[in-house]
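The values are calculated or read from the model by the stated rules, or taken from the named source; none is laboratory data. From a predicted model like this one, the values you see are computed outputs, not experimental measurements. Here the Cβ is made from the backbone with ideal geometry for all residues, glycine too, and neighbour counts use every protein chain on show. For accessibility, only protein heavy atoms count, side chains too; no ligands or nucleic acids. Shrake-Rupley method; radii C 1.70, N 1.55, O 1.52, S 1.80 Å.
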Amino acid sequence: MGKKRYSVFAVAREAVRHHTGWDRAWASPEPRKKYDVIIIGAGGHGLATAYYLGRNFGITNVAVLEKGWLGGGNTGRNTTIIRSNYLQDPSAAIYEKSRSLYETLSQELNMNIMFSPRGVIMLAQTEHERRGYQRTAHANALQGITTEFIGPARVKELVPIINIDGPRYPVLGGLWQARGGTARHDAVAWGYARACSEMGIHVIQKCEVTGIRRDDGGKVAGVDTSRGSIDCDKLGIVVAGHSGVLAQMAGFRLPIESVALQALVSEPIKPCMDVVVMANTVHGYMSQSDKGEMVIGGGADGYNNYTQRGSFHHVEETVRALVETFPIVSRLKMLRQWGGIVDMTGDRSPIISKTPLAGCFINCGWGTGGFKAIPGSGWGFAEMIAKGHSPLTDAFGLERFREGRFIDESVAAGVAH
Amino acid sequence: MLILECPNCGVMAEEAELVPGGEAHLKRFGPESSDADFEGYLFQRENPRGVHFERWRHAHGCGKWFHAARCTQTLEVFATYPAQTTAPPQDIRDAISAKRPGWTWREIR
């Protein structure tokens, strides 16, 4: 379609034309009768999958179906943290692929995703955690990921507002990844959608999948949607918290439970913290947005629900613990609080897999840490859909539960993920 | 905040007083069972958007286990019932049917 590129010259040109010349960033086409590939879910992971199908494999007869609006689920509800300091080799590989793709994503998509590699510290506040992170730092050294275990003095230097000798939760050190950071979550979804649209991939919003059809041979044949029935050769399910609902339509079960994870932001204040700090012992993590708000991530509910709102006693828990570590936040007013539905697996690692339904693939189980994985997950899942398997995702198959090959990140990642 | 009535001690207990115990009425499969059954028992979980049955423990109260029938979409609590049963009682199923016609959960309806 030859969209106009975004650049400083485009901004200058539009400034003198009263911004009358901007195109729509992506098209809103009517669905075709049939596509080569249908992706269910236009969040970050779904759009990235479609993008890399087109970019890496030339498959552009693709539709991305979204029941709500683009990036309106967890993509727009997370705390935007990007890091790759995982313990296990398969996780480190896919998260590091992802993090490295983020580095150049703005240029590649011609959309400023505001990737800010400001550094991520995961605080060690118990002796157990300190040993755990030292182990992770050693593992990362073997995996070729640059992380470092730092002592309390260096933590204080990086985060002047921190209280390192709090009586209950003293800071014993931290796992420091200097090239971790944050990005603008909406822009990631918008950037991928715009790039997909430019390649001729259909991004179809307000199109809820209500059923999955199979042909006589038991292979996937298409989907029924709120905008009619659409045929496809291959189907990718990328719906995070609602994976269980879609799996039920496709006729298989998943080792996944959906819970609400919540976050909140404070009123904007002057710049006071230029890194991301995660405190997993107390289930809280915090960064300062470009607007000056302190973005705070909290814990997940312990029981299944789809309410997308979270609960106040979890907010209280999170804030109570953060106040000791960051005394400065004690007088802050909190502006907004929200929740997203995350899909938790038993080993806290994702499922990127073929399914019992032939031609149907699933990418889910990212739990509390999906945003950081968007480019890598899309890259690997696209390869799996196009070629049947991908070295990046081979270890994340559904069969790992039956075979006992867990990728156990529950200890390394804790709840803040 | 979720409030459940503990059928053991009769207290209307707030979420913070309770500990969730996951899916209810799991059938245990041991060493003699098939791989599929064992995998199902260990890992596969019902994850409905709607009617769900769960185990809960009144941890900061009487300390005893019980069951709850809930809607995961609206957080409506249909009923709580004692732990000493392998399926939801019929009167609770009927009460749910009145509110959510056509509901199913595993093979139960």
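Measuring from centroid to centroid over Cα atoms, what is the spacing of region B:42-109 and region A:326-370 in Å?
For region B:42-109 versus region A:326-370, the Cα centre distance is 24 Å.
With the radius of gyration and the Kirkwood radius both derived from the Cα set of region A:66-160, what is their ratio Rg to Rh?
1.03
Taking 0.36 nm per intervening residue step and subtracting the Cα-Cα distance, what contour gain separates residue A:4 from residue A:30 on full extension?
7.1 nm
Using a basic spin-label model with each label point 7 Å from the Cα along Cα→Cβ, how many nm lie between residue A:320 and residue A:131?
Placing both labels 7 Å along Cα→Cβ, they lie 2.9 nm apart.
Assuming R0 = 25 Å, can you tell me the calculated FRET efficiency for the pair residue A:13 and residue A:290, based on Cβ-Cβ distance, to the nearest 0.05?
The computed FRET efficiency comes out at 0.50.
So, in nm, how far is label residue B:14 from label residue B:42 when the simple model puts each one 7 Å beyond its Cα toward the Cβ?
With each label point 7 Å from Cα toward Cβ, the separation is 3.9 nm.
Please check which bits of region A:287-313 a label hung off residue A:161 would reach, taking the label as a point 7 Å along Cα-to-C-beta and the cut-off as backbone N under 19 Å.
The answer is A:287-299.
Residues of region B:31-48 that become at least 10 Å² less accessible with every protein chain present than in their own chain isolated, using 1.4 Å: which are they?
When all protein chains are present, B:35, B:36, B:39, B:43, B:44, B:45, B:46, B:47, B:48 each give up 10 Å² or more of accessible surface.
Within a 10 angstrom radius of each residue's Cβ in A:299-309, how many Cβ atoms of other chains show up on average? Whole number is fine.
Details: counts 0, 0, 3, 7, 14, 12, 9, 10, 5, 1, 1.
Mean partner-chain Cβ count within 10 Å for A:299-309: 6.
Compute for chains B and A the buried accessible surface, both sides summed, probe 1.4 Å, and express it in Å² to the nearest 100.
2100 Å²
Between B:39, B:76, B:15, find the one with the highest GNM mean-square fluctuation for chain B; connect C-alpha pairs within less than 10 Å.
Of B:39, B:76, B:15, the Gaussian network model singles out B:39 as fluctuating most.
Can you work out the base-10 log of I(q)/I(0) for the protein assembly as shown at q = 0.09, 0.10, 0.13 1/Å, using the Debye formula on its C-alpha atoms alone?
So the normalised log intensities are -0.68, -0.84, -1.38.
Compute a Gaussian network model of chain B, connecting alpha carbons closer than 10 Å, and tell me which residue from B:49, B:70, B:57 fluctuates the most.
B:49
Can you give me the angle between helix B:90-99 and the longest principal axis of chain B, using Cα atoms only, in degrees from 0 to 90, rounded to the nearest 10?
Result, in degrees: 70.
Give me the accessible area per residue for chain A, probe 1.4 Å, as a whole number in Å².
On a per-residue basis, 39 Å².
Of the accessible area of the protein assembly as shown, with the probe set at 1.4 angstrom, what percent is carbon plus sulfur?
Carbon and sulfur together cover 53 percent of it.
Quote the relative contact order of region A:125-180 in percent (integer), defining contacts as alpha-carbon pairs under 8 Å separated by 6+ residues.
Dividing the mean separation by the residue count of region A:125-180 yields 46 percent.
On alpha-carbon atoms, Rg over Rh for chain B using Kirkwood Rh?
Here Rg/Rh amounts to 0.98.
DSSP loop (so not H, G, I, E, B), at most 14 other Cβ within 10 Å: list which chymotrypsin sites (Phe, Trp or Tyr not before Pro) in region A:23-75 pass both filters.
Counting only loop positions with at most 14 other Cβ atoms within 10 Å, the chymotrypsin sites (Phe, Trp or Tyr not before Pro) in region A:23-75 are A:69.
Given the rule -39500 (n - 2.57) for each run of at least 4 DSSP H residues, summed and divided by the residues of chain A, what is its mean residue ellipticity at 222 nm, to the nearest 500 deg cm²/dmol?
-9000 deg cm²/dmol
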